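The values are calculated or read from the model by the stated rules, or taken from the named source; none is laboratory data. None of the values given here were measured: they were computed from a predicted structure. Quick reminder, even Gly has a Cβ in these numbers, built from the backbone with ideal geometry, and neighbours come from all protein chains shown. Note: accessible area is taken over every heavy atom of the protein model, side chains too, but ligands, DNA and RNA are not part of it. Shrake-Rupley method; radii C 1.70, N 1.55, O 1.52, S 1.80 Å.
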Amino acid sequence: MTQQQWTAVDEYLEQALVGEDAALTAALATSERAGLPQIAVSPTQGKLLHLLALTAGARRILEVGALGGYSAIWLARALPADGRLISLEISPAHAAVARANLHEAGLEKVAEVRTGRAVDSLAELVDDGAEPFDLVFIDADKPSNPEYFGWALRLTRPGSLIIVDNVVRRGAVADAESTDSAVIGVRRLNELVAAEPRVEATAVQTVGSKGYDGFMLIRVMS
Ligand code: SAH
Ligand code: DHB
Ligand code: MG
């Protein structure tokens, strides 16, 4: 199988199961025009996040890494009217685009983008005694994944779901000798998760328009 086939199947699945959506299409166009990197989750992945949030009955969602707000729109649309999504973003330029896109999607009442280093915003949430989040989506700088997992544990409750994007990296994650800081970050995350008695986890490899990568799913058990 080739990238071309993965993309063709993703296009087919988008058409068959996801459909056209004005706000999401506009969010991607606005992000591209603003010069943001085109690394948002794919439409089929975005809908997976949406369905997981719905299935979890999520009322509070935390995202680490907003970019232009594409995944945030999918996630926030799963919230009830009085729900809350907080997305953390280091780049003021990315955050501005994300806020505009969330506003265009009519989600400004439930979704908020906080600018700053995610570790600082996460510490602030803990300091402020934030209510536990039902779902956390970790999708920012990959070397910090171990730290983000630690904060996510402090900001969730038994039954919460933590999802981590980009955990396979074209298979590089299996290379114990890798010097890629993203790969080292994922491998360290896997060690932490395996050693953490409060969680159960798995990871699933994915192919599609974004290439060969994967998601990690972590359920907080106790
Ligand atoms: N979740 C988005 C994609 C996020 S891309 C989507 O699927 O639509 C990763 C984002 O993480 C980028 O916008 C980048 O600026 C941000 N980021 C990188 N390092 C960060 C840090 N230390 N703290 C917060 N955000 C960070
Ligand atoms: C890349 C993809 C992502 O989903 C991400 O969050 C960061 C980087 C990439 O393909 O480089
Ligand atoms: Mg990602």
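Where only protein heavy atoms count, and the probe is 1.4 Å, what is the accessible area per residue for the chain in Å²? Before the final figure, lay out each step's value.
Working: 10850 Å² over 222 residues.
So the chain comes to 49 Å² accessible per residue, rounded to a whole number.
List the longest stretch of the chain that has no exposed loop site; here a site is one of the GluC sites (Glu not before Pro) assigned by DSSP to anything other than H, G, I, E or B, with at most 12 other Cβ within 10 Å. Show your work: numbers first, answer last.
Details: sites that count: 20, 177.
Counting only loop sites that pass the neighbour cut-off, the longest clear stretch is 21-176.
Between the stretch 30-89 and the stretch 158-222, how many Å separate their Cα centres?
What the calculation gives is 19 Å, centre to centre.
Indicate, rounded to the nearest 5 percent, the antiparallel portion of the DSSP beta bridges found entirely in the chain. Could the numbers behind the result be given before it?
Details: 15 of 33 bridges.
Rounded to the nearest five, the antiparallel share is 45 percent.
At residue 34 and residue 51, where each label point lies 7 Å from the Cα along Cα→Cβ, what is the point-to-point distance in nanometres?
Between residue 34 and residue 51, the label points sit 2.9 nm apart.
Taking H placed 1.01 Å from N in the peptide plane, check which residues at least 5 places from residue 160 or on another chain put their amide H under 5 Å from its amide H.
Counting only residues 5 or more places away or on other chains, the set is 220.
For the chain, what % of the accessible area comes from carbon and sulfur atoms, probe 1.4 Å? Please list the in-between numbers first.
Working: 5770 of 10850 Å².
The computed percentage sits at 53.
By how many nm would the segment from residue 124 to residue 180 grow when fully extended, if each residue of separation counts as 0.36 nm and the alpha-carbon distance is taken off?
17.2 nm
Under a Cβ-only charge scheme (Lys and Arg +1, Asp and Glu -1), can you give me the dipole magnitude of the chain about the Cα centre, in debye to the nearest 20? Before the final figure, lay out each step's value.
Details: 20 positive and 29 negative charges, 52 e Å.
That gives the chain a dipole magnitude of about 240 debye.
Can you list the residues, at least 5 places off or on another chain, whose amide H is less than 5 Å from the amide H of residue 214, using H built in the peptide plane?
Amide H neighbours of residue 214: 166, 167, 168, 169, 206.
Just add up the charged neighbours of residue 196: K/R +1, D/E -1, any other residue whose Cβ is under 13 Å from the Cβ of residue 196. Mind showing how you got there, number by number?
Numbers: positive: 154, 188, 198, 219; negative: 191, 200.
So the surrounding residues net to +2.
For the stretch 35-155, what is the charge dipole size about the Cα centre, in debye to the nearest 20, if Lys and Arg each add +1 at the Cβ and Asp and Glu each add -1 at the Cβ? Write out the running numbers ahead of the final one.
Working: 11 positive and 15 negative charges, 71 e Å.
For the stretch 35-155, the charge dipole is close to 340 debye.
Could you tell me what a quarter of the Cα convex hull surface of the chain works out to, in nm² with one decimal place? Could you put the intermediate results ahead of the total?
Working: hull surface 48.0 nm².
Averaged projected area of the chain's Cα convex hull equals 12.0 nm².
Using helices alone, what [θ] at 222 nm do you get for the chain, with -39,500 (n - 2.57) per DSSP H run of 4 or more residues, divided over all residues and rounded to the nearest 500?
One gets -12500 deg cm²/dmol as the mean residue ellipticity at 222 nm.
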